[in-house]
Structure formats: C-alpha cells, structure tokens
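Notes follow the structure.
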Amino acid sequence: MRVEQILHTIKAVFLCLFVSQIQATPSQDLSTSFSTPEEIRSYYEQSDYSKFVHITNSTIEQSDLEKGFLLLGEANYKVNNPLIVDASTPVLFIHGVDRMRSILTPLNKGKPLIKVRDSRYINISNIRFNGFNQYSGINLLTEGDSSVVVDVSDSFIEKGAFIFNAPGTYQLQGNYFTGRGKVSSQIVLNNDLADLFVYGGNITNSGMDKSFNVTGNSHINIQSGRFRIFATGVQRTRGVADFRIDSQTTVDKPHQIINVRSEGNNGKKIGGSAFIYVPPSEKKIDIDIINSAGSWKLSGVHKSTFAYYNAAGTLRLIGNTSASGVGQFVNSNIGSGFKILAVVNTLSENPKVKSDNQRFYVNNIYAGKIIVGRFKLPPFFKVDEYAGETAGLFPINLNIDIPKALKKPKILKPFPEMTNVKKYGVKGDGVTDDTVAIQHVFNNKHSIYFPAGHYLINESIKFNVDNKYDHGAGGFIAGEGSEKVIIERVEGGAVFGTQGMAYATMQGLTFKSKRYFVHNDSVFPAAVNFEFTKGTGHATQSNSIYDVKIENANIGIGIGNKSQQQCSENLFVGLAIENVNMAISIGSYNALANVFVNLTVFDANNVIGHGEGYSGGTWSIVGGYFSGIKLNVFKFLNSSDGVYFFDDIKVSDSPLFTTNDTGASFNIFFNKSELKKAGFYIKSAGGVFLNDSVLSEFKIHGHGVISDNYIINNSNSDIVNELNVNHGSYFLGK
C-alpha cells in the first residue's frame, strides 16, 4: 500500500471516530464544534442523516428551527414566514424526502419565506419552494453585514426569487428555477463581497407577465458581487438577456459564464433575448463567456446580439458555438477602455464588434497548412502564418476555477416516508428472484429505499407510463450505499430503464449485469444498464444521481439513445462505471447540459460518446479518471451545435478522442487536465481548446472539410508529438 493511501486511511478512521462522537449529541449546534462553515459542510457530507428530525406538524414555526436538522416528508408544509435564521438559530439544514412533494408554502404574502441575517451556514436540499401567487415574492433572502454560506441543491424553486444582499458565498447546485411569470429575476446578487456560483440545473420562465418591464427582466441579475455559472440550461427569460451584469467584481477576477446553453427565443410577443446584457457604464466590468452555446435564431429588439455589452472592461469570448445565429455580432456602444478577445468561436457569421471610438475584430477562420513534427512549445509560437492580428492578444491567461460539487450524506436507514422494499416482499438475499416485487414497488411508490443486500432480477426494472414517475415527476430512490446495495440482472441485459423521469434523486446503488470482458473486438449484447429516455408525460430532465456504480454492460448509462427527445440537465456526482463497451452513451440531439462530476471509468472500449445513428447531445465532466480504455476516451459522432467542457480530467496511455466526418459545429474545451499519450482525430467543424493542461506525446489530427479552429494555450506542455492540419487556425502558447 502506498504511503498516501495509508495516510488517507488513518485520516478516514479518525474522521469516522470524530463524526460518531458528535452524532451522539443530536441537539448540538454544529457552529460550536467547527470554526468555519466550510468545516461544517465537510463534516455533513461525510456523515449521515441520523441527526435529522422528521417534521410531522403541518405548519412550520420559528421554534422548529431550534432542531437544527429538519427533514420534511411528502407534505405541503405551511410556513409562518418569514423564518429568521440569525445568531440565535443553530446551523440550519432543511432537507426533503422528495423535491416535488416536500413543499414549503408561505402563509404571509409579501414577506420572505426564509430570511438569513447573520453569520450562519444554511443547507437546503430536495425542497419545493411553492412560492407566491403574487409579483416579486422572495423565497430566500440574505441581509446584513455578516458573512453567510448558503448551499441549495436539488430543489424545485417556483414563483419566487432568491435575493442575496449579504456578503458570503452562495452555491446553487442541480436546482430547477421556474418563475411562472411572478418574478422579474429569479436570482439577484447585491453585495460587493458576495460570491455566487450556479452549478448545473435549469432556469426558465422568468418575467413572463407583460406587466413587467421587458428590458429589466433576466434570469440572473448581478447588481454587485462576483458571478460564476457552469453547465446550466436557461430559456425563456422574457427580457433583455439571460444574464444582466451591472457591476465589476471586487476581487480583481472576471465574471465567468462557462458551458451554459441558452434557448434564447421568447416567442413572438417579446422576441429574442441576448445572452448577456451590461447596461451603459464607465466601469471596468470584465466578463468571460467560455464554451457556451445555443441553437436558435434571435429576433426582436436585440436581434442577433449575443453579448449586449455597454461597459468599459474586457469581454472575452472563448470557444462558444452557435450555428443558428447567436453571436452573429457583439454589439458595444461605449468606447472608452472597451476591449474584446474572441477566439475559437464557431459562429454562423463572422463576429463583429461595434464601438463608438474603437473597433476590435478577431476572426476565427483562416486558411491552414499541414504541419507535422516533434517540437517543444516555446512561450508563444504562431503556427499559422495567416493568423493575423490574433497574435498580439496572446497569452489569454484564463483562470477557470470550478468549486467542488456538493455531496450527499449517506442514508443508512429509510426516511420516515420512504418505502423499504423489503416490506413488500423483496428479499435481497442473492438467491431469490426479486423482479416482480421490485417492479411492484416502482409502479406504486415515489420514494423508495434499498437496505444493504444483493437483489437479483431477470428483467429490466422500468420507470414506465404506468408508474408514478410519469405522473407528476419527483421521487427519491435511495440505497444504503453503492458498496452495500447491488441490483444484478442475472442473465445479462438492462437493469433499469426510464420513460419520463424528472426532478428525481437517486443515491447509493450499484447496478450490475452479466460479466463481460472488454477487448477491442468484444461483441456486446444490445443492453443498456441504466437507460434515460423521454416518456409520454414529460421529458427526462433535472435528475440528480449520487454515489452510483455500474458494472458489466454494453452501455453503462444511456441518455436519449432510443428517442430524439429532451433528456437534459441531469447531474451525476460520484458515478463509477466498470467493464463496459461504452460507459456513457448520449444519443438525442436534445440530450443537453448533462454533467458528470468525479466520474471514474475502468476497463471500457469507450468512456463517453454518441450512440450510432444519432445526432448526439452534449455533456460536461468535472473531475474524471479513466484507465484501461481500449478504443476511444470520447467519441463525438455528431452534435446539435453544442459544446463540451472537461475540467480536471486525467487520461493516460489511452486512444484518441474522435469525431465523425460532419459539418456540425461544436467546440471541445479542456481545462486543468492531464492528457498523456492520447490525442484527437477531428473531422468536424469547431475545434479543441486546451487550457492550463499537461500534455505529453499528444497528437492532434485535423482533417475536417470545414475550417477547424484549434488552440493550445496556457498549457504546461512538455511535448506535442504531432500536429496535422488541413484546415483552420492553430496557435500554441505556454
């Protein structure tokens, strides 16, 4: 055993002893045991739900907060709002059994649902904020001068805004926001010392009501503070733009919009929206828009405007894609100090920049030439002699720092309103065929729990049109832990399949099929261990999957492989896949903004890619380790004019990242990754951006019939083995 493994084991043992000691006093306020909110978060994520108290009364009062750990069942809880979280309140956790059925509804109109006004840590998960049947309701408000830490995950937020007026850090992960015409902006940040990070999820239907001022509506309004958003889907802002940014950050870092996909169009009455709007200002408002995309044609007041920028800072457009109109030009009406850098954007027309006093124009498409050789990267080297004025803009010096994803505590026993499958005749003894009994539970229940056991089935368990998952959405499928709960299909084939599953949570399970051996010439049966497809009731979207392991299959997880329908904004945290042909297959062109965090894949022909014969959706990976890959790490057959983002990926001695011969426009972005003895074989429009990454014996083959754009920039590269270019502009920087 390596030294670091031994140290890690010792640390884990001490942590377990420490955690168990604290859990012995369930009424204890965690703020007295830990010095920082970050320590509280770390403790919570490595703990379990034993401290939580099930709330059985129908109305939640201020006095209920004294419990500290609130677990809400499947009920519509009336809230005597506002609930005040301050110095007299314990560190607060509010969790639900089912994000669609654990509901908070305010009794007092015109008052915030929850108000945080002192230095506190608050963690909310799997809750439905029922919101307000009025305009400008507030679901969550922070205020005061003391710093706060607020984490909200896997929740359904409707008809009300989150307004953050206090200093501190705010992380929103895997949430679905829908304003339903009751709020002009669903998230507002207004403090110079506030830092907002939105991770995954979806934001839709802001400011629908025509009584609002259309130019004031946006999904997110940054009045002050720093804003970052990653891998989120947005649509129908019913206003000037998806994101409105009024101020610069106070930490000398830019606002960053990374890997976001927008629908843009609001319909004929309102017209199109820009992606971002910065009102006229002499402030130095710096914004990075990186690897974001949309496939729509804008109309109305801001026709064809990607970034409606009117300030005096620097706007950097890096690796964005829109074949249908977004980004046709960037429009700025203020001249003093304004700069733009546009690199590797795949756009339908040349990007243009308008300014009163200055004109900045960076084209991305140049004639290329073939360069084959072995060389070390100098500080800056312009490969293509036609690169033109872009040369003076290097290095770009992007600093993309994505915070760690929030994790879930273990569920060692069922929540009070969860159905324990063993109470319905399921054995889990590794001998009995549990197929019929398990299917019966899924046909009738929303929240389901698997205790430790080995559950054998001979047919796929289905979330089909006859069960609860297609009529109302939601649900929580939990196991005691992926190392303790195994659901195995004895004869091989699919284990689970969905037809319409939305706003649900899954945690702590292993799905296993018949053993297969992975070789380059393996023949796998047409089986998908875990299949997401669209149902007749609604799309498969906004699900959160934690601590799930998949073993032995043709395809580990399939997303939209059987239908070209919406299977989007699904979040996977801590997914492990082993011994498969393709670990993850994403088929539908409408399978978009799916995010994989801390993904590990061992012994596979392919890690992730598009199913044969499908146009292919898009995905992002943050934290990935791949070993024993025989054919392709990533297999891009086609794309719905999307973008792919990979952060902290470690690939060693693996085959190429390949694309199909296609005219589809998509860009591939790697950040802070290690790519050794690997490479790309590109036959499509778009290109590859490698930022701050370690490359060794690395190859790029560009053979596309349409101009390709590649940049290797800010990389701690030792050797680029081969660069073979037929089309496009290539830049190398170190």
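The values are calculated or read from the model by the stated rules, or taken from the named source; none is laboratory data. Being a predicted model, the structure only gives us computed values, none of them experimental. Because the Cβ atoms are built from the backbone with ideal geometry, glycine has one as well, and the counts that use them run over all protein chains shown.
See the values below:
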| read-out | value |
| --- | --- |
| Within segment 161-198, considering residues that are assigned to a loop (DSSP other than H, G, I, E, B) and at positive phi, the one modelled with the highest pLDDT | 174 |
| Residue match in segment 627-642 (condition: under 21 Å from residue 502 (Cβ atoms) and modelled with pLDDT of 85 or more) | no |
| Hey, residue 576 surrounded by fewer than 24 Cβ atoms within 10 Å (Cβ to Cβ) and at pLDDT below 75 or not | no |
| Filter result for residue 425 (of a type outside the set (A, V, I, L, M), in contact with a helix residue (DSSP H, G or I) (Cβ under 7 Å, 6 or more places away or on another chain) and at pLDDT 95 or above) | yes |
| All strands (runs of 3 or more DSSP E) inside segment 48-141 with 3 or more residues being closer than 14 Å to residue 155 by Cβ | 92-96, 102-106, 121-125 |
| Verdict on residue 517 being hydrophobic (A, V, I, L, M, F, W, C) and at pLDDT below 55 | yes |
| Segment 102-125 - residue that is of a type in the set (Lys, Arg) and surrounded by fewer than 22 Cβ atoms within 10 Å (Cβ to Cβ) and, of those, farthest from the chain's Cα centre (by Cα) | 109 |
| Unique match (being modelled with pLDDT of 90 or more and farther than 19 Å from residue 202 by Cα) among 284, 253 | 253 |
| Candidates 153, 185, filtered to the one that is of a type in the set (S, T, N, Q) and more than 20 Å from the chain's Cα centre (by Cα) | 185 |
| Given (1) hydrophobic (A, V, I, L, M, F, W, C); (2) at pLDDT below 80; (3) assigned to a loop (DSSP other than H, G, I, E, B); (4) crowded, with 23+ Cβ neighbours inside 10 Å, number of the condition residue 270 does not satisfy | (4) |
| Extreme residue, modelled with the highest pLDDT, among residues of segment 213-246 that are assigned to a loop (DSSP other than H, G, I, E, B) and surrounded by fewer than 22 Cβ atoms within 10 Å (Cβ to Cβ) | 246 |
| Exclusive hit being under 18 Å from residue 511 (Cβ atoms), surrounded by fewer than 19 Cβ atoms within 10 Å (Cβ to Cβ) and either free of Cβ contacts under 8 Å to residues at least 60 places away in the same chain or not hydrophobic (A, V, I, L, M, F, W, C) (or both), set 420, 444, 458 | 458 |
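Each row is one residue, and each column tells you yes or no for (1) surrounded by fewer than 24 Cβ atoms within 10 Å (Cβ to Cβ); (2) closer than 29 Å to residue 400 by Cβ; (3) aliphatic (A, V, I, L, M).
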residue: 96; (1), (2), (3): no, no, no
residue: 154; (1), (2), (3): no, yes, no
residue: 172; (1), (2), (3): no, yes, yes
residue: 194; (1), (2), (3): no, yes, yes
